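Below is one structure; the comments refer to it alone.
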Amino acid sequence: MAQDNKTEQATPRRRQKAREKGQVARSRDLISAMATMTAILLLAGQAPTLAASWRSLLGRTLAIASSSGGPSATGLLTGGWHFVAAATILILGLSWLAALLGAVAQGGVVIAPSALAFNPSRLSPAARLEQLFSITAVSRMLKSLLPATAIFYLALVVLARDWGALLHAPRLSVAGLAGFGLGRLFEVAWKSALVLMVWSAADYLLERRRLEGELRMSRQELIDEYKETEGNPATKGRIRRLQRQVRRRRMLDEVKRASVVITNPTHFAVALAYGPEVPAPVVVAKGRNLLAEQIKQAARWHGIALVENPPLAHALYRAVEVGQSIPPKLYFVVANILAAIYRAQERAGAAAGGHRR
């Protein structure tokens, strides 16, 4: 039932975690098939050279052994061993390289320290017996029987095809008999390697499909992973609300240094500060609806002038962020408002001085 709930594709994070544990789609049969095919092709290509080297080595070894001085290490080294060793090392090295390329092509270079950690359960005989007699082991055995059956069938086809020539093989010379046997052996070998290549490619596709099934996730797992990576949505929402509250309190504190508050008059409020230290008026606070009312209340509390100008308030609210200077196209309008406020303040100051006298 748990598998039925896993209807979603694996996320990149889940794939990365599986890769760190060594869980990659990889077919061991494909690696061995590539190494086998490479070795067979190299042996076929090097067959004339290897035959000549072995013939020379055998002849010189027998000649040295039958000499009066007996066999010597120097004679054996000069008898062709280095040619045979070089050819053998070349075949083994290229086969190993083909196997390495096959492994890297399937899953890349995987370094999984957790897979190398000591696990006592791996040493348990009961666990090993359970693996040997499990459904997985039986399925692997059945899968290995398919290519084995195909290879056996190919050998029978070659044997049936050349049965007549095989009956007359004793009449051939030693060289002819060797050529006939090696030729049929090579044919069965490369065809068998080709069967293994095709089967291992299919096995790799099956392994990828199995791994994709194991990595599938349920919707709850997707939600949990999102919470781990991005954070709990409720917590993030609470943090955003707190941040908005802090910004509002900071803006309301900045209203006290404003020169004027432009309103529309009910929905928008924009507080502008201007002085000798700034080249152009700066928006120190802005808001709409409830925040606009709070800005206007703070302006009244600190004695800041309120000017109703709906087009200007709307333009400032839409175009200018808090902390930015107003655009040049609004300089003239704002300058007229500030000039009117300064004149009104001067008249109020003069009238207050006259009353004191």
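The values are calculated or read from the model by the stated rules, or taken from the named source; none is laboratory data. Not measured: the values here are computed from a predicted model. So basically every Cβ, Gly included, is an ideal-geometry build from the backbone, and we count neighbours across all protein chains shown.
Looking at this structure, is Val270 part of a loop (DSSP other than H, G, I, E, B), hydrophobic (A, V, I, L, M, F, W, C), in contact (Cβ under 8 Å) with a residue 24 or more places away in the chain and outside the structural domain of Ala18 (by TED's automatic domain parsing)?
Considered against the rule, which asks whether it is part of a loop (DSSP other than H, G, I, E, B), hydrophobic (A, V, I, L, M, F, W, C), in contact (Cβ under 8 Å) with a residue 24 or more places away in the chain and outside the structural domain of Ala18 (by TED's automatic domain parsing), Val270 comes out as no.
Residues Pro170, Pro120: which one is at pLDDT 75 or above, over 28 Å from Ala39 (Cβ atoms) and not β-branched (Val, Ile, Thr)?
On the way: Pro120 fails: at pLDDT 75 or above.
Just one listed residue meets the conditions, Pro170.
Checking the condition surrounded by fewer than 16 Cβ atoms within 10 Å (Cβ to Cβ) and at pLDDT below 70, which residue from Ser56, Ser67 passes?
The conditions single out Ser67.
Identify all residues within the stretch 77-90 that are at pLDDT 80 or above and touching a Leu at 6+ places or on another chain (Cβ under 8 Å); write none if there are none. Step through it out loud before you land on a result.
From the stretch 77-90, those at pLDDT 80 or above are 89-90; that's our starting set.
Of everything in the stretch 77-90, just one residue is at pLDDT 80 or above and touching a Leu at 6+ places or on another chain (Cβ under 8 Å), namely Leu90.
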Can you list residue pairs whose Cβ atoms sit under 7 Å apart, with the first residue in the stretch 93-117 being outside the structural domain of Met37 (by TED's automatic domain parsing) and more than 23 Å from Arg15 (Cβ to Cβ) and the second being surrounded by 13 or more Cβ atoms within 10 Å (Cβ to Cβ) and at pLDDT 75 or above? Count only pairs 6 or more apart in sequence or on different chains.
none
So if I check each of Ile304, Ile337, Ile295, Ile341, which one is surrounded by 15 or more Cβ atoms within 10 Å (Cβ to Cβ) and either modelled with pLDDT of 90 or more or under 52 Å from the mean Cα position of the chain (by Cα) (or both)?
Ile295
Please indicate, with yes or no, whether at least one residue in the stretch 127-145 is of a type in the set (Ser, Thr, Tyr), at pLDDT 80 or above, within 47 Å of the chain's Cα centre (by Cα) and in a helix (DSSP H, G or I).
no
Report whether or not Lys286 is charged (D, E, K, R), out of contact with any Ser or Thr (no Cβ under 7 Å at 6 or more places or on another chain) and crowded, with 19+ Cβ neighbours inside 10 Å.
yes
Out of (1) assigned to a helix (DSSP H, G or I); (2) more than 18 Å from Gln9 (Cα to Cα); (3) in contact with a helix residue (DSSP H, G or I) (Cβ under 8 Å, 6 or more places away or on another chain), the one Arg241 does not meet is (3)
Please specify each residue of the stretch 12-49 satisfying the condition of being part of a helix (DSSP H, G or I), charged (D, E, K, R) and surrounded by 19 or more Cβ atoms within 10 Å (Cβ to Cβ).
Asp29
